[in-house]
Amino acid sequence: TEKENDRDKVRPDVSFKDVAGLEEIKEELQETIGFINNSLKYKKMGAKIPKGIMFYGPPGTGKTLLAKAVAGETNSTFFYASGSEFVEKYVGVGAKRVRTLFEKAKKEAPSIIFIDEIDAIGTKRNSESNNEKDQTLNQLLVELDGFNSSETVIVIGATNRLDLLDEALLRPGRFDRHIHIGNPNMNAREKILQVHTNDKPLCKNLLIKDLAKKTTGLSGAELANIANEAAIIAVRNNKNIISSKEFDAAIERVIAGLELKNPTVL
Ligand code: ATP
């Protein structure tokens, strides 16, 4: 149905100010934003604009958020897909889904297509043939090669492991810009915590800097989770502001959760 088809299409209400601590990366992406916002000028000059960007790095570091922000900054339609959605038992189904996704994105251009976990379809092809996966990857390559310049469609892929991807995907004209997004350093953690506590009543004595010091090694997603947990704990304890006590409990809880999931993580 029409509704189902449009499930993953949005005009995101996210901009660069929502993405904290990735200043250099935002700077780098200004170029892409310029391409999208001035696509007509490039077209008249006969220049093809780069269309594929690969974000790589550990989970929860803001890759999806950043892709949405690029769409927000350019007023583009945002299409979200996860690589695993394309992998099906029946040969040809994934390839057809890829084709449909690009058709829709062209219709709604300017568009950003974000493909999370692209490794699900994009790992190196080997002699042990996997027809369905290979056909899906081939279709993605065809789409990347084939856009004509009348529609501005930028494709952003995300993976935890760039080294696992098939080189064909990373070649010039395809995903030829590779941007590493790592876990935030102390300064970045402070900024991320700031963004996620902006809307919360905080105790005057609470120093975000101190929280940043206590959260070494955590991702942006985990910091967002800590800010929310602290608010939940404050409500549960009948507080009307959040103090370092609630934050300490929240940090403990989030770190304990991580240790449960993966005992070697910390
Ligand atoms: P995955 O690889 O698991 O898909 P990801 O890198 O795409 O993760 P996001 O989904 O973008 O990570 O991040 C999850 C949430 O964490 C965001 O919606 C946001 O709330 C928070 N977050 C992560 N990084 C940042 C950041 N740099 N600034 C502000 N918020 C952040």
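In this rough spin-label picture, where each label sits 7 Å from Cα along the Cβ direction, the residue 213-residue 15 distance is 3.4 nm. Computed over protein heavy atoms with a 1.4 Å probe, the carbon and sulfur contribution to the accessible area of the chain reaches 49%. All distinct Cα pairs of the chain go into the 1/r average, and the inverse of that average, the Kirkwood radius, is 20.2 Å.
In the context of the full set of protein chains, residues of the chain present 54 Å² of accessible surface per residue (probe radius 1.4 Å, heavy atoms only). Excluding same-chain neighbours fewer than eight residues apart, the aspartates and glutamates reachable from residue 51 by a Cα-Cα span under 15 Å are 28, 31, 143, 145, 151, 176.
Charge tally for residue 183 (other residues, Cβ to Cβ under 13 Å; Lys, Arg +1; Asp, Glu -1): +1. Taking every DSSP bridge with both residues inside the chain, close to 10 percent are antiparallel. Charge tally for residue 17 (other residues, Cβ to Cβ under 13 Å; Lys, Arg +1; Asp, Glu -1): -1.
Here is how the number arises for the chain: DSSP H runs of 4 or more residues each give -39500 (n - 2.57), the sum is divided by the residue count, and the result at 222 nm is -14500 deg cm²/dmol. Cross-link reach is defined here as a Cα-Cα straight distance under 20 Å, omitting same-chain residues fewer than 8 places apart; for residue 191 the lysines meeting it are 17, 26, 63, 68, 200, 204, 209, 213, 214.
Over all pairs of distinct alpha carbons, what does the Kirkwood formula give as the hydrodynamic radius of the stretch 74-208, in Å?
Mean inverse Cα-Cα distance, inverted, gives 17.0 Å.
Note on residue 261: aspartates and glutamates with a C-alpha under 14 Å away, same-chain residues under 8 apart excluded, are 222.
How many angstrom separate the Cα center of the stretch 35-64 from the Cα center of the stretch 181-209? If you average the Cα positions of each part, the centres end up 29 Å apart.
The values are calculated or read from the model by the stated rules, or taken from the named source; none is laboratory data. Model, not experiment: these values are computed from the prediction. As a convention, Cβ positions derive from the backbone with ideal geometry for all residues, glycine included, and neighbour counts pool all protein chains shown. Side chains included, ligands, DNA and RNA excluded: accessible areas come from the protein's heavy atoms. Shrake-Rupley method; radii C 1.70, N 1.55, O 1.52, S 1.80 Å.
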